Amino acid sequence: CGFTPAYAPGGAGTALRGQVRAADPTDSLGFDFVAALEDRLGRPASPRFDLAYSVVTSERGSARVAGVGETRISVIGTVRYELTERATGDTVTSGSVRNFTNYSTTSTQLASLRAREDAERRLMRILADQVATRLIAAQAE
Amino acid sequence: QVDGPEQGFATLVADRLYLDGPHRLIAEGNVEALSGQTRMRATRIIYDRQSGALQIEGPLTLREGDRVLVLADAAEMHDGFRRGLIRSARVILDQQLQIAAHQVERVDDRFTQMNSVIASACEICEETQTPLWEVRASRVVHDQQEQQIYFENAQFRLFGLPVAYLPRLRVPDPGLDRATGWLSPRFSLDTGHGVGLRAPYFIAISHDKDLTLTPFLASKGSRALELRYRQAFATGMLELGGLVARDSIRPGSTRAMGYTRGEFVLGRGYELSFNLIKVSDRQLLEDYDRSEAQLASDITLERVRRDERIRLQALQFRSLRLVDNNRELPNQIGQAVYERRFDMPGLGGVAGLRFEVHSHSRRRPLAADVKSVARFSADLDWRRDAILPAGVVGTLGVNLGVDHFAISPGSTAFAKSTTRVVPTAMAELRWPLVRATSGGAVHVVEPVAQVIWGRDRVDALPNDISSMPELDEGNLFSHSRFAARDQREMGLRANLGLSWTRHDPQGWSGTLTLGRIWRKTDLGQFSPQSALAGRRSDWLLVSSLDTDQGLTLSNRALFNSDFRLTRNALELDWSTPDYSISTTYMHIRPDLAENRPAKAAEWSLDGSRALDEYWTASVNWRYDIARNRAARVGAGLTFENECLRMQMEVERRFASAITAGDTTSFGLSIDVLGVGGNPSRARRGCSGG
Amino acid sequence: QGMGLSFAGLQNVRGLPVEIKADNLQVNNQTGETVFTGDAVLGQGDMRLAAPQIRIIYAAAGDGSIERLEASGGVTLVTADEAAEAQSAVYEVAAGTVRMTGSVLLTQGRNVLSGDSLFVDLRTEQGRMEGQVRTLIQTAP
């Protein structure tokens, strides 16, 4: 039905595996994003590509309970990315992905804070998976 | 920007130049004179050789750098444009503020004096058109060095009607963005304060320090003073602030709040940030709309490098919730985390080390709770993947978690000290398949099967932190779905997932993900209402769509085997040049373990539409589906042109269990643009003018 | 003394004998015209007029006095008080007028004046420069 394995010899995945070096992270979100991306595309040994990215997150509250405040928070994240060929500096592909995760604040403030950090970590993994899939898709074009 | 000769000399360019008598040199036709940064264009200039004076016949334009432009009928200049008289001139500062004056006198390099003046930043196309706002004054002095404009006998007119008369008025020049003075006032109307006025006064102490004092007066007797001091350092920024108030909401008592905030870059990549806040009473922040329902003071030292993250943090919480009693809550927290990722020598693959020291305590805990908990956690994990035949990606992983708890006082439920060792092993198979269609769209299908083995024994330990676990595609395949190491997920379980992605850079892109967890035995680690509970978790179904016309739609649903939703979250954002809509729908079942006694379901919408070039209307509401009634409705109208910005908002919050009646609040802010600090952007220019 | 537009230097040498040197000379007997070509230099008192070609038209009276002289091909005129350059120049000796055309450059002491054409009437000291005129004037007394 026209599908070929991404990691078959000469496949789109094989061309990227261990070849993509994401830029050094400057904050905690970037750290989690790079870690998740390397789980997908492998640690860069002698990378052919550089991946520049910018991570922007925001929060939106909902389900306000009187006297308690907003009890369900969405963490919305957008990653703009650009893959360039290291040798020539040409842009191979670029774009942006957007997604969100949720956490609750009904329990103690300590639990809410750790739930928020966990939500940000999960968001970075979701966005990293989306970017990896988009890079493989672009490679397959 | 051609600079003319230096002081005392001017370059003259014209169609014709001739001598009329021994000392009068006359230049005619497209005459242009350049001296220093000043460029003059006129139809005729008469130069008297003895006095060096220039008689200029207009219409003339005088341009000084790119900040000052003068259009006038005639002028007489001495000393190379530094001194002179210009008649019936229009002075335009920074392409924003226009001053029409009967006569403009250049006193010297610094001062320009104008009399019988009309000043406005509004574009005046025809002479008859009255600008939205204007200042009429008998005399105006523009100090170019200090970038200040002084008006004498100034009359402020709004829509042509005199609104205020000020014997003396000082306004910063548009080019100046930091000057001591009054900022735009804010009017507000709400049930708590009645009609209120905030008039911030900004004091630029020096280039790196400033202080803003904002008095707040309201018709129901509220008197408040807000204070914000900021200082910039080479390595960071410090902010101190506070609020002191006496009002009718809490009559007879002085209410106050103080905070400090700072960020500093220390050596070797470390960043120190702190955020301390103290409040006199719970309602203060809400009453003065500084919307922080929870107070969190923290001091954090952090360093992030490519493969290493270090964080030391001390936290002090104070809940403002009516239901909370702070003495019973774990509000004092300390934490130190060291994380490192590295390539595993010998075995290959990626290894991770993580050490954490955590402690939290309660001042007077309830019987069931523990007074203080200290925990040391160490994690070693290792994973290695390989490409198997037919492009299958096989991954093996091991995780060893060691946690030592010191609980005091010990109790029947929890031993004084407990050490827990949790080894887990993981095997995963991924098989990403790709299909590129002729139309340019690419499909990626990726089935994932993962098995994690962990032992079954669950130690009895206090669960103060990881009490609200979530399930989404971000942790479907992770070792433990708890937010902190005080809990670890146990037992043998299989995580299965299938995701399909369509990506078309020109067209639309979408993803669909399905996932579920199967457990060998239900160890009761999750509350029955949680999506993660039971031998089989809820189904996870995630769909997202984004088009290149600015639409992004994503929905995440968790439902059990008979298709009843436990949790759902939908976000839709659609923005085009002239309107933007963002709407969300959320639904979450009650879960006492998460301290959520009632179901919550809400639909919210925020929309804004540009009615025309100047007017933008916005509307927002929140509909509480669980109680089947509107929770909040708001509307806003904004007018902005090159010289005036007006924002009006009205919001109505409907009664809920605790707050008695409905509350309505109205906000109006008027910003005069084109003067210092409020640059105007939308400069349209006269059409066909 | 400021920027003027008169040719004082030229005015002072009127009536002095004129002497011309050149590589070669052609005389037209009917019209009495004489054409000097090849680095022709005309001297009168301390004034020098140099040009690749100078045509002298003598007065009809035949008494040897010059009515008009035309210099072309890049003229340089230097006197005690000023210096001028132009593509071509016509000096009506009898009438006392000078007309210079073609990127004229007139310097008097520190004052410089440039334009497309210059007309000076020596007797009335009235001068007129026209076309893309550019000059440097002193604005401080």
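The values are calculated or read from the model by the stated rules, or taken from the named source; none is laboratory data. Small disclaimer: the values here were computed from a predicted structure and weren't measured. Glycine gets a Cβ as well: all are built from the backbone with ideal geometry, and neighbour counts include every protein chain shown. Surface areas here come from the heavy atoms of the whole protein model, side chains and all, with no ligands, DNA or RNA. Shrake-Rupley method; radii C 1.70, N 1.55, O 1.52, S 1.80 Å.
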**Study point:** Meets criteria (modelled with pLDDT of 90 or more, within 14 Å of another protein chain (Cβ to nearest Cβ) and not in a loop (DSSP other than H, G, I, E, B)) for B:E286
**Key:** no
Study note, to complete from the structure: Considering residues that are assigned to a loop (DSSP other than H, G, I, E, B) and over 23 Å from B:L211 (Cα atoms), the number found within the range B:172-200 is 3
Point to revise | Condition check for C:I54: open to solvent by less than 60 Å² (accessible area, probe 1.4 Å), over 12 Å from the mean Cα position of the chain (by Cα) and over 25 Å from C:N111 (Cα atoms) | key: no
**Study point:** Where B:L183 falls short, out of the listed (1) touching a residue at least 60 places away in the same chain (Cβ under 8 Å); (2) crowded, with 16+ Cβ neighbours inside 10 Å; (3) not charged (D, E, K, R)
**Key:** (2)
Exercise for review: Taking the residues in the range C:56-93 that are modelled with pLDDT of 90 or more and charged (D, E, K, R) as candidates, determine which candidate is farthest from C:A8 (Cα to Cα).
Suggested key: C:E70
Review point. Just for the range A:100-116: of the residues that are out of contact with any Pro (no Cβ under 8 Å at 6 or more places or on another chain) and without any contact (Cβ under 8 Å) to a residue 12 or more places away in the chain, which one is nearest to B:L433 (Cα to Cα)?
Key: A:R114
Review point. Only one residue in B:A601, B:A533, B:A557, B:A593 is small (G, A, S) and under 17 Å from A:I73 (Cβ atoms), so which one is that?
Key: B:A601
Check your understanding: Restricting attention to the range C:59-89, and to residues there that are among the hydroxyl-bearing types (S, T, Y) and part of a loop (DSSP other than H, G, I, E, B), which single residue is least open to solvent (accessible area, probe 1.4 Å)?
Key -> C:T79
Point to revise | Within the range B:403-413, considering residues that are free of Cβ contacts under 8 Å to residues at least 40 places away in the same chain and open to solvent by less than 50 Å² (accessible area, probe 1.4 Å), the one nearest to A:G42 (Cα to Cα) | key: B:A406
Point to revise | Looking only at the range B:342-361, and only at residues there that are of a type in the set (D, E, K, R) and open to solvent by 10 Å² or more (accessible area, probe 1.4 Å), the one that is farthest from the other protein chains (Cβ to nearest Cβ) | key: B:R354
**Study point:** Test: A:G11 is within 15 Å of B:R306 (Cβ to Cβ), at the interface with chain B (Cβ under 10 Å from one of its Cβ atoms) and not aromatic (F, W, Y)
**Key:** no
Point to revise | Complete set of residues in the range C:13-38 that are assigned to a strand (DSSP E or B), surrounded by fewer than 12 Cβ atoms within 10 Å (Cβ to Cβ) and either within 16 Å of the chain's Cα centre (by Cα) or of a type in the set (G, A, S) (or both) | key: C:E19, C:G38
Check your understanding: Which condition breaks for B:R261 when tested against (1) open to solvent by 50 Å² or more (accessible area, probe 1.4 Å); (2) outside any strand (DSSP E or B); (3) charged (D, E, K, R)?
Key -> (2)
**Study point:** Number of the condition not met by B:A314 [criteria: (1) more than 10 Å from chain A (Cβ to nearest Cβ); (2) open to solvent by less than 30 Å² (accessible area, probe 1.4 Å); (3) among the aliphatic types (A, V, I, L, M)]
**Key:** (2)
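Residue by residue, here is whether (1) away from chain A (no Cβ under 14 Å); (2) at pLDDT below 95; (3) in contact with a helix residue (DSSP H, G or I) (Cβ under 6 Å, 6 or more places away or on another chain) holds:
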position	(1), (2), (3)
B:P505	no, yes, no
B:G524	yes, yes, no
B:P528	yes, yes, no
B:S543	no, no, no
B:T552	no, yes, no
**Study point:** From the options B:L169, B:L227, residue that is part of a strand (DSSP E or B) and either closer than 30 Å to B:L284 by Cβ or basic (K, R) (or both)
**Key:** B:L227
Exercise for review: Name every residue in the range B:138-158 that is in contact with a strand residue (DSSP E or B) (Cβ under 8 Å, 6 or more places away or on another chain) and closer than 25 Å to B:G65 by Cβ, in order of residue number.
Suggested key: B:R139, B:V140, B:V141, B:H142, B:D143, B:Q144, B:Q147, B:Q148, B:I149, B:Y150, B:F151
Practice item. Go through the residues of the range B:535-556 one by one and say whether even a single one is on the phi > 0 side of the Ramachandran plot, over 32 Å from the mean Cα position of the chain (by Cα), open to solvent by less than 40 Å² (accessible area, probe 1.4 Å) and touching a residue at least 24 places away in the same chain (Cβ under 8 Å). Key: no
Revision key, fill the gap. Within the range A:39-69, restricting to residues that are charged (D, E, K, R) and in contact with a Ser or Thr (Cβ under 6 Å, 6 or more places away or on another chain), the one that is nearest to B:G394 (Cα to Cα) is A:D50
Revision key, fill the gap. The one condition A:A140 fails out of (1) under 21 Å from B:D464 (Cβ atoms); (2) at the interface with another protein chain (Cβ under 7 Å from one of its Cβ atoms) is (1)
Review point. Has the range B:61-79 got at least one residue that is facing another protein chain (nearest Cβ under 9 Å) and assigned to a strand (DSSP E or B)?
Key: yes
Review point. Taking the range B:103-129 on its own, how many of its residues are more than 15 Å from B:F151 (Cβ to Cβ) and part of a strand (DSSP E or B)?
Key: 3
Point to revise | Test: B:N568 is open to solvent by 40 Å² or more (accessible area, probe 1.4 Å) and within 12 Å of chain A (Cβ to nearest Cβ) | key: no
Point to revise | Single unsatisfied condition, A:Y53 versus (1) over 23 Å from B:Y338 (Cβ atoms); (2) within 12 Å of another protein chain (Cβ to nearest Cβ); (3) open to solvent by less than 50 Å² (accessible area, probe 1.4 Å); (4) among the hydroxyl-bearing types (S, T, Y) | key: (2)
Practice item. Tally the residues that are in contact with a helix residue (DSSP H, G or I) (Cβ under 6 Å, 6 or more places away or on another chain) and under 20 Å from B:I588 (Cβ atoms), restricting the search to the range B:474-485. Key: 3
Check your understanding: Any chance the range A:94-114 includes a residue that's away from chain B (no Cβ under 11 Å), buried (at least 17 other Cβ atoms within 10 Å of the Cβ) and touching a Leu at 6+ places or on another chain (Cβ under 8 Å)?
Key -> no
Revision key, fill the gap. So, first residue small (G, A, S) and at pLDDT below 75 in the range B:1-21, second residue open to solvent by less than 50 Å² (accessible area, probe 1.4 Å) and part of a loop (DSSP other than H, G, I, E, B), Cβ within less than 9 Å, six or more apart or across chains; the pairs are B:G4/B:G36; B:G4/B:G80; B:G8/B:G52; B:G8/B:D79; B:G8/B:G80; B:G8/C:T139; B:G8/C:A140
